[in-house]
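Structure first, then comments.
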Amino acid sequence: AQSVTQLDSQVPVFEEAPVELRCNYSSSVSVYLFWYVQYPNQGLQLLLKYLSGSTLVKGINGFEAEFNKSQTSFHLRKPSVHISDTAEYFCAVIRHNFNKFYFGSGTKLNVKP
Amino acid sequence: NAGVMQNPRHLVRRRGQEARLRCSPMKGHSHVYWYRQLPEEGLKFMVYLQKENIIDESGMPKERFSAEFPKEGPSILRIQQVVRGDSAAYFCASSSGTSGSPLRSYNEQFFGPGTRLTVL
């Protein structure tokens with residue numbers, strides 16, 4: 001079975017500071033990895049995904065993530081956050097050739113002025 | 001191209017009533033997925049459907065919940081005799097099929113805005 005752990009339920013950070021949101025997964029088979037963002041009372045928007053190739057993945061809004069197979073991690077980073085980045089972020093995995101996502105419990109990023 | 005549409009966006013029901021949630025996939029998509037997000041939790045898979053077929057319902061509660069995706073019209077998630085614990089956001093996603101190499105493929109899923117169900 002797959003599971004996704006987001007250790008930090010809330011991350012407060014000041015505007016223009018760097019941020020890292022942590023994601024670890026466990027799986028006995030190969031998976032694809034994703035980060036989604038959810039603004040209040042809205043649906044999920046895809047930030048970035050790792051399917052194969054380079055382990056450093058760049059996404060929208062200046063976010064990037066690095067796939068580390070040995071540590072089974074896929075941490076999300078941004079060098080300088082903006083107030084508008086305040087939202088909840090979800091890490092998710094999906095098994096190769098399967099169709100359902102396994103989501104982490106989410107990390108609320110609160111960017112303060 | 002319109003995205004995935006869900007209605008209603010907000011639904012209030014009293015205990016014991018029925019809730020019907022609708023999902024219209026993106027144009028050209030024939031695969032639909034339903035996820036539930038309980039308060040303060042991540043999304044949990046419920047069911048995966050293709051037109052007129054349930055492919056995977058391993059995440060559906062055994063009782064009171066059902067889903068369909070008819071040949072014509074939207075996908076429907078139906079909850080009978082709702083209880084307070086059913087209060088959650090229900091998200092639908094759709095996909096067109098697989099992408100990537102045949103041996104390592106996945107269906108890119110596009111999510112709708114969700115229906116927020118409140119049971120009084």
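The values are calculated or read from the model by the stated rules, or taken from the named source; none is laboratory data. Since the structure is predicted, the reported quantities are computational estimates derived from the model, not experimental observations. Here Cβ is always computed from backbone atoms with ideal geometry, including for glycine, and neighbour counts include all displayed protein chains. Accessible surface is based on the protein model in full, side chains and every heavy atom, while ligands, DNA and RNA are left aside. Shrake-Rupley method; radii C 1.70, N 1.55, O 1.52, S 1.80 Å.
Taking A:THR55, A:THR107 and ordering them by how much accessible surface each has at a 1.4 Å probe, largest first, produces A:THR55, A:THR107. For the protein assembly as shown, a Kirkwood radius taken over Cα pairs fed into Stokes-Einstein (37 °C, viscosity 0.692 mPa s) yields D = 179 µm²/s. The convex hull defined by the C-alpha atoms of region B:1-75 has an orientation-averaged projected area of 6.0 nm². Here the mean projected area of the convex hull built on the C-alpha positions of region A:18-69 is 4.5 nm². Compared with the alpha-carbon gap, the fully stretched path from A:SER70 to A:SER52 is longer by 5.0 nm at 0.36 nm per residue. Restricting attention to chain B, lysine pairs at least eight places apart or on different chains and with alpha-carbon atoms under 19 angstrom apart total 4. Annotation: A:CYS23 carries an accessible surface of approximately 0 Å², with a 1.4 Å probe and no ligand, DNA or RNA atoms counted. Here the calculated FRET efficiency for B:ARG64 and A:SER26, from their Cβ-Cβ distance with R0 = 35 Å, stands at 0.65, rounded to the nearest 0.05.
The 1.4 Å probe gives accessible areas that order B:MET60, B:MET5, largest first, as B:MET5, B:MET60. Within the same chain, lysines fewer than 8 places from A:LYS108 are excluded, and of the rest, those with a Cα less than 17 Å from its Cα are A:LYS78. Here the translational diffusion coefficient of chain A follows from Stokes-Einstein with Rh set to the Kirkwood radius across Cα pairs; for 20 °C and 1.002 mPa s it amounts to 152 µm²/s.
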